[in-house]
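Values quoted throughout were computed directly from the atomic coordinates according to the rules given, and no laboratory measurement underlies them. Note that the structure is a prediction, hence the values are computed from the model and not measured. Note that each Cβ is placed from the backbone with ideal geometry, even for glycine, and that neighbours are counted across all protein chains shown.
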Amino acid sequence: MLLQQIVETSAAVAATRSRGEKVELLAACIAGMDRDEVAIGAGFLAGEPRQRRLGAGWAALRELPPAAADATLTLVAVDAALERIAGISGAGSQAERAGATDPVAAATLKTKAKAIAYNAAANSWPGWGDDAPSHIADASDLAQRSLELVEDLKLGHRQVGTSQWLVGALHLAAGRSDDAIVALTRARDAYGAGGERASELLALGYLALACSRQDTPERHRAELEEICLQLQQDGSPQAMAFVKQLRTADRLL
């Protein structure tokens, strides 16, 4: 991805007051990044490049070279250039910075990228019942990117389950029942492994919805009713919210 796309996206996000439009802009930008660009691009979008200190202030920008006729700078190239600049600042820092990227900073940026991707994808899902923008293809790409980052960061069963749920829910919204069943089964298993019973029931409810789109809808609807009953018997605020979510998804999808 070219740095120009980050600049244009940032300017467009700042220029609009619409939450939906901001989501669309971020979704399109992140979905266009290669996997090795996500941490870099997320840092630029958040205003926090991976290199926390460059050793170069505004004085270094007093005399700028002429602008290029065409945009050619890629995220990876700019990141590498910043790494080189950071490498010549401070006594002894060059060798240290040239050796490897700070793993803590990398993890922080990946976590931010995961949050941006997940939130943009979730806000684009039509099953909430509000006026969220519905761009299922872009949202599915973002949900998958979020899942990859969760697995890369080893964030645990609950977050794996939540990421798999979103992937499955978006497949369901797009009419891809087979893919939805695969992802939602993985969500159920991850929630179960993490001892998240209410969330496990939520995933089972979505599984029932996905299966009802394929065969014997009456049987799967009965399963959904039983799952909602179990959640109601749980009685926790989370469980009751899940009942409402399943009812809304069943009505809208």
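By per-residue mean of other Cβ atoms within 10 Å, what is the highest-first order of 4-12, 142-150, 110-118?
142-150, 110-118, 4-12
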Total charge of the residues flanking R35 in space, meaning their Cβ is under 13 Å from its Cβ, with Lys and Arg +1 and Asp and Glu -1, is -4
Which lysines, on any chain, are close to K112 with Cα under 26 Å apart, when same-chain ones fewer than 8 places away are left out?
K22, K154
Using per-residue counts of other Cβ atoms within 10 Å, averaged over each peptide, order 72-83, 176-187 from highest down.
176-187, 72-83
Working out 0.36 nm times the residue gap between V7 and A222, then minus their Cα-Cα distance, what length gain in nm do you get to one decimal?
72.3 nm
Based on the alpha-carbon set only, what is the convex hull volume of the stretch 158-253 divided per residue, in Å³?
76 Å³
